[in-house]
Amino acid sequence: MPQLLQINYKFSVARAEFEKGFDAVAAQIAQVPGLRWKIWLLNEAESRGGGIYLFDDEESARAYLEGPIISRDEILADIVRT
C-alpha cells in the first residue's frame, strides 16, 4: 500500500547556502528505492524546509528515514517526521 511521509526541519544556514546542496541531494533522493515522488517545502522567513514523499510502501519509507540521506545532514535540526 502506498505510504505518504512528511519531513519538516529547521535549517541553520542562509538560504543561498542551503540551496547549493539541492541538486546533489535531489539526485540522491531520486535514486531512493520505492520513492514515487517528492514535493519540496521551503519557508525562508522561518528557516524551515521539508518534503512530502510518496513511497510504494511503509518499508520503503522506513528505509529512507533510517538511511544515509536523512542521517548525514549536518545543517538540519529539529527533524520532525509525520
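Derived scalar couplings between HN and Hα for the stretch 9-26 equal 8, 9, 9, 10, 10, 5, 4, 4, 5, 4, 6, 4, x, 4, 4, 5, 5, 4 Hz in order, rounded to whole Hz, by the Karplus curve 6.51 cos²θ - 1.76 cosθ + 1.60 (θ = phi - 60°), x for Gly and Pro. Remark: the stretch 1-55 carries 62 Å² of accessible area per residue (probe radius 1.4 Å; ligands, DNA and RNA excluded). Taking the Cα centre of the chain as reference, the dipole from Cβ charges on Lys and Arg (+1) and Asp and Glu (-1) amounts to some 100 debye. Counted residue by residue at 0.36 nm each, then reduced by the alpha carbon distance between them, the extension gain from residue 62 to residue 45 reaches 3.1 nm. For the stretch 50-64, putting each phi into the Karplus relation 6.51 cos²θ - 1.76 cosθ + 1.60 with θ = phi - 60° gives couplings of x, x, 10, 10, 10, 10, 4, 7, 5, 4, 5, 5, 5, 4, 5 Hz, in residue order, rounded to whole numbers and with x for Gly and Pro.
When a 1.4 Å probe is rolled over the protein heavy atoms, the share of accessible surface on the chain that falls to carbon and sulfur comes to 53 percent.
The values are calculated or read from the model by the stated rules, or taken from the named source; none is laboratory data. Note that the structure is a prediction, hence the values are computed from the model and not measured. As a convention, Cβ positions derive from the backbone with ideal geometry for all residues, glycine included, and neighbour counts pool all protein chains shown. Accessible surface is based on the protein model in full, side chains and every heavy atom, while ligands, DNA and RNA are left aside. Shrake-Rupley method; radii C 1.70, N 1.55, O 1.52, S 1.80 Å.
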